[in-house]
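Everything below concerns the one structure shown next.
The values are calculated or read from the model by the stated rules, or taken from the named source; none is laboratory data. Note that this is a predicted model, so its numbers are computed, not measured. Note that we place each Cβ from the backbone using ideal geometry, even for glycine, and neighbour counts take in every protein chain shown.
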Amino acid sequence: MIDFGRIGEYSENNRIEAKRALGGLPRSIWETYSAFANSFGGILLLGVEELADKTFRTVNLPAPEKLVAEFWEIIGDKSRVSENILSKWDVEIHNIGGDRMISITVPRADRRRRPVYIGNNPYLGTYRRDGEGDYHCTREEVRMMLRDRQERTLDEKVLPLTDESLSGETLRRYRAYLQDMRAGDGYGTETDGGLLCRIGAGKRDGDGQVHPTAAGLLMFGFEDEIVKQYPYFYLDYQERDTDGQIRERIVSNSGKWSGNLFDFYLKISGKIVRGLPHDIHRPVREAVANCMVNGDYMGSGGLVMIKKQDEICITNPGSFRIDIQEAVNGGRSDPRNVGIARLFHLVRVGTRTGNGVPDLYKVWSGKGWKIPEIQERLKPDRITFKLPLAAGEKSRDSLFGRQEYREAILDYVTWAIYVAEKDVADILGTGRQEAAELLQRMLEDGILVRARDREGYRLKI
């Protein structure tokens, strides 16, 4: 929340936008509303101007009540704005030193309501926010949001293919795991087609032909068949030396193996935990499966896993379907690929309870290691999961993970304007070293910039 008594110390950044609005509601506020809703939220200020030194000054709106009424009228008109995600408490009138102004607090929209757009065409009216301000979304960004909006995940779609697009060897390996872990369930007696239908990886048509689902193709298909449906599909596992040189690598397009998700998991599940304490093997494998389950395989960049001496870094295409803090707290599961999640769960890989992330954080905290970090980036949409493999400042039990740290820092600097290492250490209960590391990460990610007029940081303008 902004400290309105210090409004003159603020400036525009990726979470705050100011408009004079003396001539009525500017059209550009709807672009910013869309941008905040489709990104990470923000605050719109009406009756505020930005001066040459980038600081704010109120200009005294003559009739703020009229502007508020007009705002509610427009935002409720679906022909002009696709979604109203605000409550009545999100729009307020303030009196600052005799000047009247309006604040509009825009939360991040739920994935079921994104994209939030202007007009009646999402490809023309969808915006997002970055460090440079509002920008018009690409068609691919809009398509990604529309995919996530659907209740039925895309990997459940039945494809116009035959089971010849699937690797029989992969399916046999999967069947062996089923028989071992679910003995007595009759998986060994099923035909390949019967097995695919039973596990949700295929569906039989009226003529008895089995067609794979998207989940079935991604899990068991040949790489050349997968990329026909998912042009950007790519899997990459790397092990790097301390100098950054790659000493071992497995990629899906090598032509030396099937290139599908299940075989990839089998190939790397032993390598990624090799040399690590036994008690973290399972949570690391859970993290790997979680990223595979939540990847948007229509998105660019592929699924990349890099193991270094002091860190495992997993990056997959797509954004979070739930709030990151919800993932950290646990208890809610909303996988991007329900079919893939089911197929992994059948062979005892992954969790469907939504507790995979908090359980992993607890293990890391118990070992006294640096806390795992989750990052979400836009343009393009990607999620990065970093698992430090080294001791560090031990966090309080109530503070799970660096993403919560980052959110706490963002909340603090939004209203306090400036933040220094000491502030971070005080509000989070961490050491100065970890505070400095967190601030440096946020600087590198383009969230913060160094303050020019004092020691510390402020939000990027």
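Can you tell me which residues in region 43-59 are out of contact with any strand residue (DSSP E or B) (no Cβ under 7 Å at 6 or more places or on another chain) and of a type in the set (A, V, I, L, M, F, W, C)?
The one that is out of contact with any strand residue (DSSP E or B) (no Cβ under 7 Å at 6 or more places or on another chain) and of a type in the set (A, V, I, L, M, F, W, C): Ala52.
Looking at this structure, is Glu225 charged (D, E, K, R) and at pLDDT 95 or above?
Spelling it out, Glu225 is indeed charged (D, E, K, R) and at pLDDT 95 or above.
Exactly one condition in (1) within 19 Å of Leu44 (Cα to Cα); (2) part of a helix (DSSP H, G or I); (3) of a type in the set (D, E, K, R) is false for Arg129; which is it?
(2)
When you check Arg128 against the structure, is it farther than 22 Å from Arg321 by Cα and under 31 Å from the mean Cα position of the chain (by Cα), yes or no?
Criteria not met by Arg128.
What do you reckon, is Glu140 modelled with pLDDT under 90, out of contact with any strand residue (DSSP E or B) (no Cβ under 7 Å at 6 or more places or on another chain), in the same structural domain as Pro64 (by TED's automatic domain parsing) and of a type in the set (D, E, K, R)?
no
Considering region 216-256 alone, what residues qualify as being under 24 Å from the mean Cα position of the chain (by Cα), assigned to a strand (DSSP E or B) and surrounded by 20 or more Cβ atoms within 10 Å (Cβ to Cβ)?
Within region 216-256, Leu235, Tyr237 meet the criteria.
Among the residues of region 88-139, count how many are of a type in the set (D, E, K, R) and out of contact with any helix residue (DSSP H, G or I) (no Cβ under 8 Å at 6 or more places or on another chain).
Matching residues across region 88-139 total 7.
When you scan region 109-122, how many residues do you find that are surrounded by fewer than 18 Cβ atoms within 10 Å (Cβ to Cβ) and under 29 Å from Leu61 (Cα atoms)?
1
Just to check your reading of the model, which residue among Asp279, Asp296, Asp263 is part of a helix (DSSP H, G or I), surrounded by 18 or more Cβ atoms within 10 Å (Cβ to Cβ), in contact with a helix residue (DSSP H, G or I) (Cβ under 8 Å, 6 or more places away or on another chain) and in contact (Cβ under 8 Å) with a residue 24 or more places away in the chain?
Asp263
Looking for something in contact with a Leu (Cβ under 6 Å, 6 or more places away or on another chain), β-branched (Val, Ile, Thr) and assigned by TED's automatic domain parsing to the domain that holds Ser333 - is there at least one such residue anywhere in region 271-284?
There is no residue in region 271-284 that is in contact with a Leu (Cβ under 6 Å, 6 or more places away or on another chain), β-branched (Val, Ile, Thr) and assigned by TED's automatic domain parsing to the domain that holds Ser333.
Cβ-Cβ distance below 7 Å, separation of 6 or more or different chains: which pairs start in region 410-435 with a residue that is assigned by TED's automatic domain parsing to the domain that holds Phe40 and end on one that is modelled with pLDDT of 75 or more and in a helix (DSSP H, G or I)?
Listed by first residue and then by second, the contacts come to nothing, as the list is empty.
Looking at region 176-186, can you tell me whether even one residue there is crowded, with 16+ Cβ neighbours inside 10 Å, touching a residue at least 12 places away in the same chain (Cβ under 8 Å), of a type in the set (A, V, I, L, M, F, W, C) and under 22 Å from Phe344 (Cα atoms)?
The answer is yes; a qualifying residue exists.
Of the conditions (1) under 29 Å from Pro358 (Cβ atoms); (2) modelled with pLDDT under 95; (3) touching a strand residue (DSSP E or B) at 6+ places or on another chain (Cβ under 8 Å); (4) not hydroxyl-bearing (Ser, Thr, Tyr), Asp279 clears all except one; give me its number.
The number of the failed condition is (3).
Please go through region 338-388 and pick out each residue that is of a type in the set (S, T, N, Q) and either part of a helix (DSSP H, G or I) or assigned by TED's automatic domain parsing to the domain that holds Glu444 (or both).
Ser365
Residues that are crowded, with 18+ Cβ neighbours inside 10 Å, at pLDDT below 90, within 22 Å of Thr170 (Cα to Cα) and in the same structural domain as Met298 (by TED's automatic domain parsing): does region 190-201 have at least one?
no
Among the residues in region 195-202, are any without any contact (Cβ under 8 Å) to a residue 24 or more places away in the chain and in a helix (DSSP H, G or I)?
yes
Across region 150-170, which residue is modelled with the lowest pLDDT among those that are surrounded by 14 or more Cβ atoms within 10 Å (Cβ to Cβ) and assigned to a helix (DSSP H, G or I)?
For region 150-170, the residue satisfying everything is Leu154.
For region 73-98, name all the residues that are under 19 Å from Ile16 (Cα atoms), outside any helix (DSSP H, G or I) and touching a strand residue (DSSP E or B) at 6+ places or on another chain (Cβ under 6 Å).
Passing the criteria: Val91, Glu92, Ile93, His94, Ile96.
Yes or no: region 182-189 includes at least one residue that is closer than 25 Å to Glu223 by Cβ and within 34 Å of the chain's Cα centre (by Cα).
no
Counting only residues that are in a helix (DSSP H, G or I) and not charged (D, E, K, R), how many does region 7-47 have?
So the count comes out to 12.
For region 130-159, enumerate the residues that are basic (Lys, Arg) and closer than 16 Å to Glu83 by Cβ.
The answer is Arg149, and nothing else.
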